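These notes are about the structure you will find just below.
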Amino acid sequence: MRFHFENHVLDCDLRELTRDGAPVPLQPQVFDLLVHLVTQRGRVVTKDDLISQVWDNRIVSDSALNSRINAARKALGDDGAAQRLIKTIPRKGFRFVGEVLEQTLAPPAAKAPRSAPERPTIAVLAFENMSDDPEQDYFCDGIAEDILTALSKVRWFLVIARNSSFTYKGRAVHIRQIADELGVGYVVEGSVRKAGGRVRITAQLNDAVTGSHIWAEHYDRDLGDVFAVQDEITNAIVAAIEPQIYAAENFHARRKQPASLDAWDLLMRGLSHYWRVTRQDHLMAQALLAQAIAIDPGYGQAQSVLAASHMFGVHLGWADLATAAPIAEAAALAAVKCDHEDPWAHTALGSVYFSTRRLDDAVSEFEQALRLNPNFSLAQGYYALALSYAGRSRDSFEAAQKAIRLSPRDPSLAIYYGIAGYARFTERRYDEAIALAREAIRHRGDLTGAYRVLAVSAGMAGDQELAATALQELRRTQPNISLAWIATQLPWRSGSDREHYLEGFRRAGLG
């Protein structure tokens with residue numbers, strides 16, 4: 001159904017209001033209110049009727065109702081004084097008084113649905129303003145634009161430009177229609193409600209093809225510095241969305257027959273094993289990544305993850321440095337050559353430089369990765385680790401804390417707590433180091449790094465019972481642990497830092 005009045009067209013099928021052919025942004029509730037007034041133009045519409053039809057009988061304040069009426073008038077170029085189209089009937093309600101031409105549209109011809117995109121393609125919709133003040137639209141748009149910009153820095157995704165995704169602003173359009181019209185696999189949507197000095201921002205990631213929800217979260221904050229709040233929430237949302245999309249892509253890949261897997265599918269399967277952080281899973285990841293590279297030798301993203309996996313195994317004592325480092329360095333250099341603006345490539349190369357004692361180069365690569373994508377928690381964690389071995393304990397602790405804040409649901413969260421613990425150990429703050437190591441173990445009970453920090457910190461603190469327990473668990477997770485391994489495999493810049501660590505192990509009982 002389509003209604004024509006003055007120079008406006010109200011299209012109920014497209015859920016769109018246009019003026020002289022140009023779209024007029026409308027919040028969904030305002031659109032529904034306007035449609036109800038137009039369709040019931042032969043009578044006075046009461047407040048109770050509007051609450052029933054537009055708000056599903058939820059409790060609505062007079063100020064909220066009036067703000068929606070004012071927004072509808074503003075969209076039509078009307079106001080409370082002129083009441084040219086929407087007239088207030090005192091103590092009764094409202095009535096649409098404009099002359100309306102009603103047009104019934106023929107049903108559109110059926111068309112084949114667009115197939116799901118081969119690679120992750122994302123649209124970020126304008127966030128809905130849930131406040132009574134229409135002037136807050138700028139804040140809502142700013143949140144969505146910041147998320148869009150930040151996601152654009154993740155080189156593995158294609159993010160639809162603002163000029164396309166924001167055309168749905170004010171229109172209640174089904175996710176599947178957006179998928180069809182924009183050719184996207186994922187849609188990010190949300191809302192903003194500001195009241196007094198507080199703001200609540202909700203965000204949701206949807207699978208645009210199936211219409212299902214993948215992830216949702218809300219954030220409550222004191223406004224204070226509004227721009228700092230905007231940055232904080234943007235970072236949190238983007239850091240949460242990225243691993244969720246990897247997980248969804250892996251799910252899609254697992255539904256395919258092995259013979260039909262392409263390099264991208266193999267990469268997603270490899271990443272799923274990478275994030276499980278076990279020796280066997282990393283071996284599986286390396287095998288899948290090698291298959292992806294065999295299909296596409298110039299596949300920089302697969303080369304990056306392959307290099308990072310090999311060096312991760314070295315640090316946790318699963319792999320031999322002399323064997324793994326040449327493989328990892330060749331893969332990381334190939335990844336940087338393929339795409340020198342991919343944060344994963346620089347993170348992978350930084351991990352090689354870290355384990356081969358080129359600490360200045362390692363720090364530089366991690367800093368470059370974070371310049372390219374400040375929300376990349378893995379790079380932030382590696383950066384913290386490199387800083388600790390370079391003797392910059394305070395900077396290391398702050399960087400580790402930032403990695404924890406960036407991605408509180410990260411599969412590597414336990415590692416970040418362990419790194420923060422090691423930074424405190426190097427500062428001789430053993431009680432804090434023990435607490436952080438225990439937190440790491442609470443998240444993952446099979447990571448060698450956390451047990452190392454716990455053992456040396458307890459040893460230096462004189463807690464022999466805790467040190468012995470930590471050492472026993474460390475031997476379970478890393479059977480080859482020894483003073484010789486520690487002295488030769490870990491890349492300290494300072495001999496005194498290495499000796500401090502070794503002394504902690506001696507006091508813990510490692511011979």
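The values are calculated or read from the model by the stated rules, or taken from the named source; none is laboratory data. What you are looking at is a predicted structure, and each value in this text was computed from that prediction instead of being measured. Glycine also receives a Cβ, built like all others from the backbone with ideal geometry; neighbour counts cover every protein chain displayed.
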Inset, instruction - Working only within the stretch 189-230, note down all residues that are charged (D, E, K, R) and within 15 Å of the chain's Cα centre (by Cα). - result: Glu189, Asp207, Glu217
Inset, instruction - Starting from residues that are over 22 Å from Leu349 (Cβ atoms) and not charged (D, E, K, R), keep the ones in the stretch 269-282 and report whichever is modelled with the highest pLDDT. - result: Gln280
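One line per residue, one yes/no per condition, for (1) of a type in the set (Lys, Arg); (2) surrounded by fewer than 16 Cβ atoms within 10 Å (Cβ to Cβ):
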residue	(1), (2)
Arg424	yes, no
Leu436	no, no
Arg444	yes, no
Ala468	no, yes
Gln472	no, yes
Gln478	no, no
Leu483	no, yes
Gly495	no, yes
Inset, instruction - Just name the residue that is farthest from Asp497 (Cα to Cα) out of those in the stretch 361-388 that are touching a Lys or Arg at 6+ places or on another chain (Cβ under 9 Å) and surrounded by fewer than 23 Cβ atoms within 10 Å (Cβ to Cβ). - result: Leu372
Inset, instruction - Could you tell me whether any residue of the stretch 416-423 is within 18 Å of Arg276 (Cβ to Cβ) and in contact with a Leu (Cβ under 7 Å, 6 or more places away or on another chain)? - result: yes
Legend entry - Residue ID - surrounded by the most Cβ atoms within 10 Å (Cβ to Cβ), chosen from residues in the stretch 62-78 that are in contact (Cβ under 8 Å) with a residue 40 or more places away in the chain and over 19 Å from Gln136 (Cα atoms): Leu76
Inset, instruction - Enumerate the helices (runs of 4 or more DSSP H) found wholly within the stretch 1-78, keeping only those where 1 or more residues are at pLDDT 90 or above, closer than 30 Å to Ala195 by Cα and assigned by TED's automatic domain parsing to the domain that holds Gly98. - result: 28-39, 62-75
Legend entry - Residue in the stretch 315-327 that is crowded, with 24+ Cβ neighbours inside 10 Å and either assigned by TED's automatic domain parsing to the domain that holds Ala239 or assigned to a helix (DSSP H, G or I) (or both) present: no
Legend entry - All positions within the stretch 79-89 that are surrounded by fewer than 20 Cβ atoms within 10 Å (Cβ to Cβ) and at pLDDT 90 or above: Gln83, Arg84, Lys87, Thr88, Ile89
Inset, instruction - Return yes or no: is Arg171 of a type in the set (D, E, K, R), in a strand (DSSP E or B) and touching a Lys or Arg at 6+ places or on another chain (Cβ under 8 Å)? - result: no
Inset, instruction - Could you tell me which numbered condition Phe127 fails, if it satisfies all but one of (1) buried (at least 23 other Cβ atoms within 10 Å of the Cβ); (2) at pLDDT 85 or above; (3) under 30 Å from Leu266 (Cβ atoms)? - result: (3)
